[in-house]
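Trainee: So that we are looking at the same thing, I have put the structure below in structure tokens.
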Amino acid sequence: MRLNALWIVIIIATALIQATWLDAVRVAGVKPDLILLLVVYFAIAFGEERAMYTGVIGGLFQDVANTTTIGHNVLCHVIVAYVTGRIANRLVTENPAVKTGLVLCAALVHGLLHSVLIYVAQPQLANVADIVARIVPIAFYTAMTTPIIFFLLDRIFRSELRPVQSRIV
């Protein structure tokens, strides 16, 4: 129960940080996608189901904060969570380079999916050069923050899991 409460608090706090304070670390108009980092972290650490729930909750917060069509970020995060969770089961994810590469690929897929959804909804906004100029820097910036964010999340959730595991044994 404490783990689920902590999980919800982390998602809400991250969504609030994403919407408010993250502008302070904006570089050349680009800021990392912390919700996507959470989705990938939970896909690696807890499996695709928890990651998909994280994508739903975090995506709703992003859609509301960005005043975009409700559901675009949710759908993209859920698809990325499922695929990342399935791939992470087949990888040795202890290496930070693997985690960073996984986040980079997930961010690129998320950006492409989101651009396709925007194109389907509003075809007049399609501009391939703009899409590439926006998606790639966000993906790299998000991937560069992976070691720090994953370290913090590991410290929070691994310490929360140890007492539960020792009680089971």
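Trainee: Tell me whether region 43-65 contains one or more residues that are out of contact with any helix residue (DSSP H, G or I) (no Cβ under 7 Å at 6 or more places or on another chain), under 17 Å from A143 (Cβ atoms), surrounded by fewer than 19 Cβ atoms within 10 Å (Cβ to Cβ) and modelled with pLDDT of 90 or more.
Mentor: no
Trainee: Among the candidates V120, V116, which residue alone is out of contact with any Phe, Trp or Tyr (no Cβ under 6 Å at 6 or more places or on another chain), among the β-branched types (V, I, T) and either under 21 Å from V30 (Cβ atoms) or buried (at least 17 other Cβ atoms within 10 Å of the Cβ) (or both)?
Mentor: V116
Trainee: When you check Q18 against the structure, is it touching a Lys or Arg at 6+ places or on another chain (Cβ under 9 Å) and touching a residue at least 24 places away in the same chain (Cβ under 8 Å), yes or no?
Mentor: When the stated conditions are applied, Q18 passes them.
Trainee: Is it true that L37 is assigned to a helix (DSSP H, G or I), more than 14 Å from the chain's Cα centre (by Cα), of a type in the set (A, V, I, L, M, F, W, C) and under 21 Å from T68 (Cα atoms)?
Mentor: No.
Trainee: Another question, if that's okay. What are the pairs, 6+ residues apart or on separate chains, where a residue within region 66-77 that is modelled with pLDDT under 95 has its Cβ under 6 Å from a residue that is of a type in the set (D, E, K, R)?
Mentor: Pairs that qualify, where the first residue is modelled with pLDDT under 95 and the partner is of a type in the set (D, E, K, R), are I70/D63; N73/D63.
Trainee: Out of R155, R86, R90, report the one residue that is out of contact with any helix residue (DSSP H, G or I) (no Cβ under 9 Å at 6 or more places or on another chain), within 23 Å of I8 (Cα to Cα) and without any contact (Cβ under 8 Å) to a residue 60 or more places away in the chain.
Mentor: Of R155, R86, R90, the one residue that is out of contact with any helix residue (DSSP H, G or I) (no Cβ under 9 Å at 6 or more places or on another chain), within 23 Å of I8 (Cα to Cα) and without any contact (Cβ under 8 Å) to a residue 60 or more places away in the chain is R155.
The values are calculated or read from the model by the stated rules, or taken from the named source; none is laboratory data. Being a predicted model, the structure only gives us computed values, none of them experimental. Note that each Cβ is placed from the backbone with ideal geometry, even for glycine, and that neighbours are counted across all protein chains shown.
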